[in-house]
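Visitor: Can you keep this structure in mind? I'll have questions shortly.
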Amino acid sequence: MIERIEKELSPLRVQLQNHSIYEAIHSIQDIRVFMEHHVFAVWDFMSLLKQLQNLLSCNTIPWRPSGSPAASRLINEIVWGEESDLNRKGIPMSHFEMYIEAMDSLGANPQEIHYIIEQLESGNNISSILESSTLPKHLVDFMKFTFEVVQSEQSHIIAAVFTFGREDLIPDMFIEIIRNLKKSQSGNIDDLVYYFERHIEVDSGEHGPLALKMIQSLCGEDSKKWEQALSYSKQAMQLRIQLWDGILMTIQKQKMEVHSS
């Protein structure tokens, strides 16, 4: 069934890897726009991961065996890497914090993602925050789907979205585009290149194959679970395409405004 899922997702993966967003990035300003939108996908990815940790390993007191030691090991390893990796300078921090660090070094504005986190810390729930948000539709739709999946508490669905909607969807050529951008006085790309290279290295190495094994274990011989895993994976990738479409439109709109001013 994994082979069937990968085959059915292949056209969407090709569409993502050949998306026009990559060819549209020519300047530091374009990268800033990209990051100011993409940061929400970096952030909500962590909720998928942490919900899997909640479901597949024991996080309650008194502790008891989870019954899924292999899945628990995998998830705890990924959490360790995502939540407490080392940045380019060897300082422990989450991949989300690395991304914010890269935004700061490039002069991108993280105000909107910080606002959402502040709202959560004030006791507001994510659904009401997104409902009242003034963020673009492609961002709200992307996050609404993520938290719908998280709140389902269905480990096989969350694992499928987590596995097939990962950051390794970003092709190597995008890193080359970023690396080849001329460094300007207004921003340094080193932190961003490190983030992408590190994230893709972790995802495509040991964690990727183990995540596929985890889905196989969670779905087992249950045909309904396999169909749900496929359906939600397709939705995740379609929403990623919509996210890329929205970012592309924003970059193009900003360029038109600059040329007309």
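Visitor: Report residue 258's accessible area, 1.4 Å probe, all protein chains in place, as a number in Å² to the nearest 10.
Guide: 90
Visitor: I need the Kirkwood Rh of the stretch 1-111: take the reciprocal of the average 1/r across all distinct C-alpha pairs and report it in angstrom.
Guide: Answer for the stretch 1-111: a Kirkwood hydrodynamic radius of 16.9 Å.
Visitor: Under 5 Å between amide hydrogens, which residues at least 5 positions from residue 93 or on another chain qualify, with H placed 1.01 Å from N in the peptide plane?
Guide: For residue 93, whose amide H was placed from the backbone, the distant partners under 5 Å are 85, 86, 87.
Visitor: Relative to the longest principal axis of the C-alpha atoms of the chain, give the angle of the C-alpha long axis of helix 208-219, reported between 0 and 90° and rounded to the nearest 10°.
Guide: 40
Visitor: A further question follows. How about residue 213: which lysines have a C-alpha closer than 29 Å to its C-alpha, ignoring those fewer than 8 places off in the same chain?
Guide: Result set, ordered by chain and number: 7, 50, 144, 224, 225, 234.
Visitor: Name the long-range amide H neighbours of residue 66: under 5 Å, sequence gap of 5 or more, or other chain; modelled H, no Pro or chain starts.
Guide: Here 58 satisfy the definition.
Visitor: Turning to a different aspect of this structure: In degrees between 0 and 90, to the nearest 10, how far off the longest principal axis of the chain does helix 155-164 point, with axes built from Cα atoms?
Guide: Between the helix axis and the principal axis of the chain, the angle is about 40 degrees.
Visitor: Under a point-charge model restricted to the Cβ atoms of Lys and Arg (+1) and Asp and Glu (-1), what is the dipole moment magnitude of the stretch 35-176 relative to its Cα centre, in debye to the nearest 20?
Guide: Taking the Cα centre of the stretch 35-176 as origin, the dipole is about 480 debye.
Visitor: A further question on this structure: What ranking do 117-128, 236-247 get when scored by the average of other Cβ atoms within 10 Å per residue, highest first?
Guide: Highest-to-lowest ranking by the protection proxy: 236-247, 117-128.
Visitor: While we're on this one: Explain nothing, just compute: Karplus ³J(HN,Hα) = 6.51 cos²θ - 1.76 cosθ + 1.60, θ = phi - 60°, for every residue of the stretch 56-68 in order, whole Hz, x for Gly and Pro.
Guide: Result, ordered by residue: 9, 9, 7, 10, 10, 10, x, 5, 8, x, 6, x, 9 Hz.
Visitor: While we're here: Where the only charges are on Cβ atoms (+1 Lys, Arg; -1 Asp, Glu), what is the dipole of the chain about its Cα centre, to the nearest 20 debye?
Guide: Once rounded to the nearest 20, the dipole reads 280 debye.
Visitor: For the stretch 1-122, what is the accessible area per residue in Å², given a 1.4 Å probe and the full set of protein chains?
Guide: Using a 1.4 Å probe on heavy atoms only, each residue of the stretch 1-122 averages 50 Å².
Visitor: Pop out the carbon and sulfur fraction of the accessible area of the chain as a percent, whole number, probe 1.4 Å.
Guide: Carbon with sulfur: 51 percent of the solvent-accessible area.
The values are calculated or read from the model by the stated rules, or taken from the named source; none is laboratory data. Worth saying up front: this structure is predicted, and the values here are computed from it rather than measured. Every residue, glycine among them, receives a Cβ derived from its backbone with ideal geometry; neighbour counts consider all protein chains shown. We work out accessible area using only protein heavy atoms, side chains counted, and drop any ligands, DNA or RNA first. Shrake-Rupley method; radii C 1.70, N 1.55, O 1.52, S 1.80 Å.
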